[in-house]
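Undergrad: One structure, as structure tokens, below. Some questions next.
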Amino acid sequence: MAFLDHVLQAPAYGWQDGEGSLVKPRNSQIFKEFFNRLNVFKTRKNWLPFFNWLRILCLAPFFLLFIFKFFTPLLLLYGFLYSMIIMGTHGTVWLHRYCTHGAYKFRNKFWRFFTQNLTINAIPEETYVISHHVHHAKSDQPGDPYNAQGGFLYCFLADVNHQPIAKDLTESDYGRVKKLMAHTGVRANNYRQYQRWGSYANPWRTVLSWVLNWGFWYLVFYLIGGNALACTLFGAAGFWAVGVRTFNYEGHGKGKDKRRDGVDFNRKDQSVNQIWPGLVAGEWHNNHHLYPKSARSGFKAYQVDMAWYYIRLMNRLGAVISYRDDKKQFKEKYL
């Protein structure tokens, strides 16, 4: 089997049936798999999916405090801007274009650390990066961890059901996982630690990083606007962390072919360019699937790309030393 065929932990219902078609599990099967994989009492190797959703639950009280105690139209605006634009753009800049595709390079570790922690920490690099490589290799095919043809829940709960790395990788294959993650700065478990914890990331270092990140940003927001602003922006981060789990279902046409001539030029999968994710986060998804290693995906005049603007700014400041921009190739080939 090719490495990307087995690097992810297959769900109990499997990726494909005997005829090679996508298995479309019932909602009951998806929920059963979800809660089974959150069970840290069953095996410590479930710690990362459990931790992912624990963070979501920890953000929920901030959101409720904003709604029922601190709500004002101005704070709603701040929350909207933080959730939709700042968190969304950061996810594209850090997790998508850098951690997964290496579309640009930092001058040094300081600027990498700076960009990594530019917002409230909500999604672990390991969960995103490895599975996203598989997504591109198997887009809209069986084995795609968030295949939109599997349905909404198939995508929404994919971080638990489909995205974790396999727990029985050989030392050689685990070494390939480490190579895919090495540039992110997330310190790797050695192979023996991987066998114990079932993950690339170490739980103690992950928890410490989370506590320090949240502590720093709560203090900053509190000093600027008190508990009201801090709760608003932490609640907004929680809203984004839940909402982003719907993106690939929408970004691949909800399992249907919704590509449009003159807009969606990539025809190898069902990814589509959507106005809202494009404008607020630079996520022109069909363009991205066309040129996945490009630091820019907003190729047409109206395609605002906030993530690209950040990368270019960092380049002019000297923090980013190189990047790949495929806009010229896109224009020559498709326009």
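The values are calculated or read from the model by the stated rules, or taken from the named source; none is laboratory data. What you see is a predicted model, and the numbers here were worked out from it, not measured in a lab. Heads up, the Cβs are rebuilt from the backbone with ideal geometry, glycines too, and the neighbour counts pull from every protein chain shown.
Undergrad: Only one of Phe71, Phe63 is over 23 Å from the mean Cα position of the chain (by Cα), at pLDDT 95 or above, of a type outside the set (Asp, Glu) and over 25 Å from Gly150 (Cβ atoms). Can you tell me which?
TA: Unique residue meeting the criteria: Phe71.
Undergrad: Could you tell me which residue of the range 241-289 is nearest to Asp140 (Cα to Cα), considering only residues that are within 14 Å of the chain's Cα centre (by Cα), buried (at least 18 other Cβ atoms within 10 Å of the Cβ) and of a type in the set (A, V, I, L, M)?
TA: Filtering first and then ranking leaves Val244.
Undergrad: A further question on this structure: Does any residue of the range 127-134 turn out to be touching a strand residue (DSSP E or B) at 6+ places or on another chain (Cβ under 8 Å) and under 18 Å from Val244 (Cα atoms)?
TA: Scanning the range 127-134 turns up at least one residue that is touching a strand residue (DSSP E or B) at 6+ places or on another chain (Cβ under 8 Å) and under 18 Å from Val244 (Cα atoms).
Undergrad: With the condition kept exactly as written, say whether any residue in the range 198-205 is surrounded by 20 or more Cβ atoms within 10 Å (Cβ to Cβ), closer than 27 Å to His285 by Cα and in contact (Cβ under 8 Å) with a residue 40 or more places away in the chain.
TA: Taking every residue of the range 198-205 in turn, none turns out to be surrounded by 20 or more Cβ atoms within 10 Å (Cβ to Cβ), closer than 27 Å to His285 by Cα and in contact (Cβ under 8 Å) with a residue 40 or more places away in the chain.
Undergrad: Please determine, by comparing only the residues of the range 133-168 that are among the hydroxyl-bearing types (Ser, Thr, Tyr) and surrounded by 24 or more Cβ atoms within 10 Å (Cβ to Cβ), which one is nearest to Lys179 (Cα to Cα).
TA: Checking each candidate, the answer is Tyr146.
Undergrad: What number goes with the only condition from (1) part of a helix (DSSP H, G or I); (2) under 30 Å from Asn108 (Cα atoms); (3) among the β-branched types (Val, Ile, Thr) that Val160 does not pass?
TA: Unmet condition: (2).
Undergrad: Out of Ser209, Ser199, report the one residue that is out of contact with any Gly (no Cβ under 9 Å at 6 or more places or on another chain), assigned to a helix (DSSP H, G or I) and among the small types (Gly, Ala, Ser).
TA: Ser209
Undergrad: Search the range 80-132 for residues being crowded, with 17+ Cβ neighbours inside 10 Å, among the small types (Gly, Ala, Ser) and over 19 Å from Asn213 (Cβ atoms), and hand back the single one that is farthest from the chain's Cα centre (by Cα).
TA: Ala103
Undergrad: May I ask you to verify whether Arg192 is surrounded by fewer than 17 Cβ atoms within 10 Å (Cβ to Cβ), without any contact (Cβ under 8 Å) to a residue 24 or more places away in the chain and under 23 Å from Tyr98 (Cα atoms)?
TA: Against the criterion (surrounded by fewer than 17 Cβ atoms within 10 Å (Cβ to Cβ), without any contact (Cβ under 8 Å) to a residue 24 or more places away in the chain and under 23 Å from Tyr98 (Cα atoms)), Arg192 does not qualify.
Undergrad: Would you mind finding the one in Phe68, Phe62 that is assigned to a helix (DSSP H, G or I), among the aromatic types (Phe, Trp, Tyr) and surrounded by fewer than 15 Cβ atoms within 10 Å (Cβ to Cβ)?
TA: That would be Phe68, the only listed residue that is assigned to a helix (DSSP H, G or I), among the aromatic types (Phe, Trp, Tyr) and surrounded by fewer than 15 Cβ atoms within 10 Å (Cβ to Cβ).
Residue-by-condition table, conditions (1) assigned to a helix (DSSP H, G or I); (2) free of Cβ contacts under 8 Å to residues at least 24 places away in the same chain; (3) not acidic (Asp, Glu):
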{"position": "Phe216", "(1), (2), (3)": "yes, no, yes"}
{"position": "Cys231", "(1), (2), (3)": "yes, no, yes"}
{"position": "Glu250", "(1), (2), (3)": "yes, no, no"}
{"position": "Arg267", "(1), (2), (3)": "no, yes, yes"}
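A quick yes/no check of all residues on (1) farther than 16 Å from Asn248 by Cβ; (2) in contact with a Phe, Trp or Tyr (Cβ under 7 Å, 6 or more places away or on another chain):
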site: Gly150; (1), (2): no, no
site: Asp159; (1), (2): no, no
site: Gly175; (1), (2): yes, no
site: Lys179; (1), (2): yes, no
site: Ala182; (1), (2): yes, no
site: Asn189; (1), (2): yes, yes
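Undergrad: Here's another thing I want to ask about it. Which residue, of Ala301, Ala295, Ala307, Ala237, is at pLDDT below 95 and either under 30 Å from Tyr78 (Cα atoms) or crowded, with 23+ Cβ neighbours inside 10 Å (or both)?
TA: It is Ala301.
Undergrad: Could you run through the range 31-55 and say how many residues are touching a helix residue (DSSP H, G or I) at 6+ places or on another chain (Cβ under 6 Å) and in a helix (DSSP H, G or I)?
TA: The number of residues fulfilling the criteria is 7.
Undergrad: I've got another one for you. Determine whether the range 290-303 contains at least one residue that is in a helix (DSSP H, G or I) and touching a Phe, Trp or Tyr at 6+ places or on another chain (Cβ under 9 Å).
TA: Yes, because at least one residue in the range 290-303 is in a helix (DSSP H, G or I) and touching a Phe, Trp or Tyr at 6+ places or on another chain (Cβ under 9 Å).
Undergrad: Taking the range 157-180, which residues are closer than 17 Å to Thr127 by Cβ and free of Cβ contacts under 8 Å to residues at least 60 places away in the same chain?
TA: Tyr174, Lys178, Leu180
Undergrad: Please list, ordered by residue number, the helices (runs of 4 or more DSSP H) wholly in the range 93-156 having 1 or more residues that are over 22 Å from Asp5 (Cβ atoms) and without any contact (Cβ under 8 Å) to a residue 24 or more places away in the chain.
TA: Counting at least 1 such residues, we get 109-116.
Undergrad: Report yes if Ser322 is touching a His at 6+ places or on another chain (Cβ under 7 Å) and either surrounded by fewer than 23 Cβ atoms within 10 Å (Cβ to Cβ) or within 21 Å of Thr115 (Cα to Cα) (or both), otherwise no.
TA: So Ser322 fails the test.
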